[in-house]
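Novice: Starting off with a structure, shown below.
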Amino acid sequence: MEAIQTHRWTRREYERMGETGILAPDARTELIDGAIIEMSPQSSYHAATVSLAQETLRHAFGDGYTVRVQLPLALGATSEPEPDLAVVPGTPRDYVEAHPAEAALVVEVADTSLDFDRSRKAAVYARAALADYWIINLRDHCVEVYRDPRGGLYGAKQTLASGEVLAPLARPETPIAVADLLP
């Protein structure tokens, strides 16, 4: 029996596909572990949640951080995910030449993508040693907090409901009401 081989794309190859038009300018894709993944269309519920979370995180983090919405993170040679929100150090001008390779907080808003965000996305973020990863779980109306990355896994998971409060690791003095992140 013949073994089937798949090609794993690098971030450079992926970016060149966009630059040369192989990937359409409006294509909604991201690179995860060398695979080009099509992103699902966003419902108005998902979009509203992203906007609410963006506003909340901008207030919580303040100066010294930028809240990026659905923009790439350069995580290793074969992953360039586009999380719904990434809080990165600095200003947008710091990322003119290259996408950020680190984030103080990464947030995914999940409904249909929940299983993917809990598994493959979490593994990419854990391997990149992103210490604070949140999933705003629209199915169960809660926030899942993943911390303590070890290789490709997170060592700690906490699920918080609407009446609870959490604080980003990078801003522990700034509590955030879970209700402020949910529509």
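The values are calculated or read from the model by the stated rules, or taken from the named source; none is laboratory data. It should be emphasised that the depicted structure is a prediction, and the values quoted were computed from it without experimental measurement. Cβ: placed from backbone, ideal geometry, glycine included. Neighbour counts: every protein chain shown.
Novice: A27 - would you say it is of a type outside the set (S, T, Y), in a loop (DSSP other than H, G, I, E, B) and without any contact (Cβ under 8 Å) to a residue 12 or more places away in the chain?
Specialist: For A27, the condition - of a type outside the set (S, T, Y), in a loop (DSSP other than H, G, I, E, B) and without any contact (Cβ under 8 Å) to a residue 12 or more places away in the chain - is met.
Novice: Here is a check on your reading of the model: is R171 part of a helix (DSSP H, G or I) and either buried (at least 16 other Cβ atoms within 10 Å of the Cβ) or β-branched (V, I, T) (or both)?
Specialist: Criteria not met by R171.
Novice: Which ones in region 48-72 are surrounded by fewer than 15 Cβ atoms within 10 Å (Cβ to Cβ) and farther than 14 Å from V107 by Cβ?
Specialist: Passing the criteria: A48, H59, G62, D63, G64.
Novice: Scan region 1-12 and report the pairs whose first residue is hydroxyl-bearing (S, T, Y) and whose second residue is modelled with pLDDT under 80 and surrounded by 10 or more Cβ atoms within 10 Å (Cβ to Cβ), with Cβ atoms within less than 7 Å and a gap of 6+ or a chain change.
Specialist: none
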